[in-house]
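Here is the structure we will look at, set down as structure tokens.
What follows draws every value from the coordinates through simple rules; no lab data is involved. Predicted model only: the values in this text are computed from it and were never measured. Neighbour counts run over all protein chains shown; Cβ positions are idealised from the backbone, glycine included.
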Amino acid sequence: MIPRLLSLLALLCSVAAAAEKRPNVLFIYADDQPYKTISAYPEAQKMAHTPNIDALATSGVRFHRSYLGAWCMPSRATMLTGRLQPGVQTMRMEGTYPASTYDPAQCRFWPAELRKHGYHTAQIGKWHTGTDTGFGRDWDYQIVWNRPGHPENAGAYYTGQILSFNGVVKEQDGYSTDNYTEWAIDYIKGKTRDAAKPWYLWLCYGAIHGPTTPADRHKGKLKGEKATVPADIFGPRPDKPKYLDKTQAWAPGKDGQPRKAKAAKRKNNFDHDEAGMTYDKWVQQVNECNMAIDEGVGRVMAALKDSGQLENTLVIYTADQGFALGEHGSSIKVAPYDANIASPLIVSMPSQLPQGKVCREPVNSADLVSTILAFTGLKEPWTMHGQDLTPLLKAPETSKRERPTLMIHTGDHYGADTNTVPTDPEVLAHTGNVPWWLMIRDGRMKYIRNLTAGEMEEVYDLDADPEELHNLARVPGNGELVKSLRAKLITEMERHEVPMVKALPPVMDLP
């Protein structure tokens with residue numbers, strides 16, 4: 001009897017030890033952040049200075065390109081469901097922007113599965129996916145700025161935020177980036193969680209989204225610095241779609257240097273610039289705002305180390321999407337070019353992953369969900385659209401993706417509302433004047449299918465043309481290349497069961 005009890009106790013101890021070894025996950029998520037604001041990226045603007053984020057890259061794997069969403073809400077919807085925009089059922093915009101809603105029975109969020117399997121789950125920062133933030137269902141602990149729930153407060157990215165503290169709503173003073181960092185440190189140190197459980201923290205900064213506002217201590221730090229002006233900031237662009245004429249944000253000043261051509265339309269929400277702002281000042285402002293995020297990353301990483309949790313924590317740093325710094329004439333996200341949408345992405349866990357490596361394989365947001373679940377030992381609870389990136393993380397310089405990376409932009413439409421492509425140009429281009437599009441990355445090649453009837457396709461060799469200046473689809477003799485990539489896009493859409501694949505609008509004839 002006693003030997004049996006000892007064996008049972010030993011088994012229980014081993015199970016408990018295994019549970020204790022399950023990794024924590026710190027998922028840091030910036031907003032509207034171009035990879036060119038991270039100095040670890042060789043393409044970064046020379047005034048970018050992010051020593052703490054760079055240190056994270058030194059201790060982990062930096063991805064050359066990641067495509068996490070076209071704009072804030074769908075990026076987060078995929079990150080919560082593991083499904084691309086057409087697969088996020090019942091999510092929809094409803095009421096005064098950015099109010100939105102969903103049916104949690106049909107649109108489930110996977111952090112709830114972590115809770116069921118013994119994890120303590122938390123979210124701190126910006127919430128932008130339905131008025132229901134999921135506290136008590138998906139999250140054990142939550143301090144969030146619920147933009148959909150308080151449209152009147154939707155422009156308060158940096159001060160005067162209406163926050164929900166575990167369901168209790170109140171207004172908060174202070175600079176939001178610093179507030180989120182402080183609350184994250186408290187959580188990491190165990191002050192606001194069950195210290196006996198492994199944990200998952202989604203830390204969602206609102207910076208550097210407009211109205212892009214640096215912390216007072218950083219304002220003017222980069223005054224006098226010069227920015228590198230993109231080659232096609234003015235155009236013309238005869239081998240690109242017509243909508244870029246509507247999104248042209250820059251015009252030459254009297255000195256020939258770029259200046260903002262017009263002010264932002266929604267002054268209560270996105271007033272981060274003014275007509276006539278110089279390009280240098282705009283890039284300075286963006287990078288000054290980024291300084292508080294970099295400081296925050298340094299502080300939360302120090303908290304991990306000081307609390308003895310660094311070795312057992314998977315750390316992911318990224319952003320919901322990028323934001324063009326004048327490339328293609330843009331000062332927006334949404335468009336399918338790397339400058340507009342590509343996010344920085346760094347993954348670090350020195351106890352398990354290589355350090356100081358770069359992976360050139362492109363990834364998307366659903367891939368990150370699959371990877372987090374794999375690291376925490378959970379099976380995907382429903383059909384998801386990602387690939388587990390563990391093989392790429394273990395051998396970032398030699399491993400290859402199994403199939404192309406797919407990304408889909410369907411504006412503010414989700415799920416069944418994307419089964420057909422709108423024919424009304426205003427509906428099609430409702431989000432940022434950029435019409436719906438489909439995209440795949442297949443190795444070095446990017447293929448874009450714009451969903452305006454009769455519009456051109458786009459193909460870019462991103463090794464030879466990283467700034468996407470030369471559309472190979474409009475070069476005579478490239479017809480077979482275009483058709484091959486077109487077929488691969490269709491295959492990936494069918495693989496992910498995207499209904500609109502059966503009724504795509506016609507494309508422009510190839511030259």
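For the chain, the longest principal axis of the alpha carbon atoms and the long axis of helix 2-20 meet at an angle near 30°.
Of the trypsin sites (Lys or Arg not before Pro) found in the range 135-208, those that fall in a DSSP loop while having at most 10 other beta-carbon atoms within 10 Å are Lys191. Distance between the 7 Å Cα→Cβ label points at Thr398 and Glu494: 3.4 nm. For the chain, the spread of Cα coordinates along the three principal axes comes to 84, 50, 45 Å, biggest extent given first.
Protection proxy ranking of 284-297, 494-507, 461-474, by the mean of other Cβ atoms within 10 Å over each peptide's residues and highest first, is 284-297, 461-474, 494-507. Separation of the alpha carbons by more than 21 angstrom is noted, of Lys36/Lys281; Lys21/Lys189; Lys219/Lys333; Lys36/Lys446, for Lys219/Lys333. From its DSSP helices (H runs of at least four residues, each -39,500 (n - 2.57)), the chain gives a residue-normalised ellipticity at 222 nm of -7500 deg cm²/dmol. Taking the C-alpha atoms only, the angle from helix 176-188 to the longest principal axis of the chain is near 30 degrees. Under a 5 Å amide H cut-off, with hydrogens placed 1.01 Å from N, Ser399 pairs with nothing among residues at least 5 apart or on other chains. Using bins of 5 Å that start at zero, the share of Cα-Cα pairs per bin across the range 421-511 amounts to 3, 13, 22, 24, 20, 14, 4, 0, in whole %.
Taking Cβ atoms as reference points and 13 Å as the exclusive limit, the residues near Arg62 contribute a net charge of -1, counting Lys and Arg as +1 and Asp and Glu as -1. Mean projection of the Cα convex hull over all viewing directions, computed for the range 281-402: 9.5 nm². Other residues within the sphere of radius under 13 Å centred on the Cβ of Arg299, judged by their own Cβ, net out at -4 (K and R +1, D and E -1). Computed from backbone phi, the HN-Hα couplings of the range 366-377 come to 4, 4, 5, 4, 4, 6, 4, 4, 5, 5, 8, x Hz, rounded to whole numbers (Karplus: 6.51 cos²θ - 1.76 cosθ + 1.60, θ = phi - 60°; Gly and Pro given as x). Taking the range 48-158 on its own, what percent of its Cα-Cα pair distances exceed 25 Å? Result for the distance tail: 32 percent. The Cα trace of the range 147-283 gives Rg and Dmax of 19.9, 64 Å, the first to one decimal, the second as a whole number.
What does the extension gain come out to for Gln355 and Lys221, with contour length at 0.36 nm per residue minus their alpha carbon separation? Working it through step by step, the gained length comes to 45.1 nm. Phi angles across the range 418-427 convert, under the Karplus curve 6.51 cos²θ - 1.76 cosθ + 1.60 with θ = phi - 60°, into 3J(HN,Hα) values of 10, 5, 10, 8, x, 9, 6, x, 5, 6 Hz, Gly and Pro given as x.
Label 7 Å along Cα→Cβ of Thr96; the range 162-188 residues with amide nitrogen under 19 Å? It comes to 162-164, 169-172, nothing else.
Cα-based radius of gyration for the range 367-482, normalised by 2.2 N^0.38 Å, reads 1.29.
Length gained on full extension, Leu469 to Ala195, computed as 0.36 nm times the residue gap minus the Cα-Cα distance: 93.5 nm.
Local charge sum around Leu80 (other residues, Cβ-Cβ under 10 Å, Lys/Arg +1, Asp/Glu -1)? Here the charged neighbours net out to +2. Here the peptides 125-131, 306-312 are ranked by packing, the mean other Cβ count within 10 Å, and the order with the highest first is 125-131, 306-312.
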